[in-house]
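Comments concern the structure below.
The values are calculated or read from the model by the stated rules, or taken from the named source; none is laboratory data. Just so it is clear, the model here is predicted, and its values are computed rather than measured. Cβ atoms come from the backbone with ideal geometry, glycine included; neighbour counts cover every protein chain shown. Remember, those area values only see protein heavy atoms, side chains included, never the ligands or the DNA or RNA. Shrake-Rupley method; radii C 1.70, N 1.55, O 1.52, S 1.80 Å.
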Amino acid sequence: MRAVSGDPSAAPLSCDRLVVVEATGQDDYEPLQPDVILAFHELCLVRDGGEWFMGQLDGDGSVICWASYGSDLAEAIRGL
């Protein structure tokens, strides 16, 4: 993860936090149930149902995602 991203501070986070994704065409969010959260400074990759979502770590520890980056972790990291 650190080698692919080039971020020496990249680290896994606890999944015990609120994680949501912006719902397309709506003013609301849909909850995610991640099994993995990887932090790259304030950006995060969240895996839910085998799919990686890009998001931002909020000050309260929650993660707000805005897009799916597919199922390939290396490709999702390159999207950072």
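Of the accessible area of the chain, computed with a 1.4 Å probe over protein heavy atoms only, carbon and sulfur atoms account for 47 percent.
Amide hydrogen proximity for residue 21: with H placed 1.01 Å from N in the peptide plane, the residues at 5 or more positions away or on another chain lying under 5 Å are 30, 32, 65. Structural descriptor for the chain: relative contact order 27 percent, calculated from alpha carbon pairs under 8 angstrom and at least 6 residues apart. Per-residue accessible area (protein heavy atoms, 1.4 Å probe) orders 45, 57, 80 as 80, 57, 45, starting from the largest.
Tell me the label only: which of [x] 16; [y] 52; [z] 27 is percent of Cα pairs over 22 Å apart as calculated from this structure? Structure-derived value, by its label: [x]. Here the label points at residue 15 and residue 66, each 7 Å from Cα along the C-beta direction, are separated by 2.6 nm in the simple model.
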